[in-house]
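Engineer: Take this structure, written in structure tokens, and hold onto it; I'll ask about it next.
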Amino acid sequence: MSKSFGMQAGSGNLVLVGEVTKPHGLRGEVCVRLYADSPSFFDLVDVVHLRPAAEAPAPDPVPAGRGRRPARPQPPRMRRVRIVSWREHKGMVLLVFEGAQDRSAAEALRGSEILVRETELPDLSDDEVYIHQIEGLAVRLEGGEPLGVVREVLTPAGQEIWAIETPDGREVLFPVAEQFVLAVDLEAGFVEIAPPPGLLDLYLSDDA
């Protein structure tokens, strides 16, 4: 089977690789929830896009002087930024971004998404794929019978699970393991699987 590496589909040709959760210390470090398999990913990618938290409150209008309407600052937009450094600390991944090297600047990044252009992702070996490449692929059973489409890839507790949507709208949660995945063909747009015994009955029987 092809091994899949973490990271989720973003918008356009951007791939979500992490999220800033909170500042750490006084020197601009931020804690990151990482969607890549390993923080060493940042040894290979040192320029990313930061997308501010969607739910960030709008700033208050700034007085613009007598006889003028208050000027309302524009909300921050996604920007391209260089990673100055990264390290692991007590199970956390800490990053420092260029231009945000003190506590207040780090606080402003809380909730921001970290994205990388798909064309800038590190190359994988022939038997590896990124998780975002799996989403949207057609799913076939052994022998070619269609089952549905991979709607989403889940990774609870480190276990990769494909949420497969069938043509009639049902959901099959398929646990990914080498013995169950027969083929992954990105060019042809499909995966072929041999689900463990009883799995399809669990989700697709009339009593399910």
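Here, each number is a calculation from the coordinates, and none is a lab measurement. Computed from a predicted model, the values in this text were never measured in an experiment. FYI the Cβ positions are ideal-geometry reconstructions off the backbone, even for glycines, and counts take in every protein chain you see.
Engineer: Defining a contact as two alpha carbons under 8 Å apart and six or more residues distant in sequence, what relative contact order in percent does the stretch 135-204 show? Please report the intermediate quantities before stating the final value.
Structural biologist: Working: 131 pairs, mean separation 20.0, N = 70.
Across the stretch 135-204, relative contact order equals 29 percent.
Engineer: Please list 3J(HN,Hα) in residue order for the stretch 132-137, calculated via the Karplus relation 6.51 cos²θ - 1.76 cosθ + 1.60 where θ = phi - 60°; whole Hz, with x for glycine and proline.
Structural biologist: With the stated coefficients, the stretch 132-137 comes to 5, 6, 6, 5, x, 6 Hz.
Engineer: What FRET efficiency do you get for Ala183 and Arg80 if R0 is 30 Å and r is their Cβ-Cβ distance, rounded to the nearest 0.05?
Structural biologist: Here the calculated transfer efficiency is 0.20.
Engineer: Continuing with the same structure: Among DSSP beta bridges whose residues both lie in the stretch 135-204, state the antiparallel percentage, nearest 5.
Structural biologist: Counting DSSP beta bridges with both partners in the stretch 135-204, the antiparallel share is about 80 percent.
Engineer: Continuing with this model, one more query. Calculate the tail of P(r) for the stretch 135-204: the fraction of all Cα-Cα distances greater than 13 Å, expressed in %. If you can, show how the numbers build up before the last one.
Structural biologist: Values: 1519 of 2415 pairs.
Of all Cα-Cα distances in the stretch 135-204, 63 percent exceed 13 Å.
Engineer: Run through the stretch 167-208 and list the chymotrypsin sites (Phe, Trp or Tyr not before Pro) located in a DSSP loop whose Cβ has at most 16 other Cβ atoms within 10 Å.
Structural biologist: Numbers: sites: Phe180, Phe190, Tyr203; in loops: Phe180.
Filter output for the stretch 167-208: Phe180.
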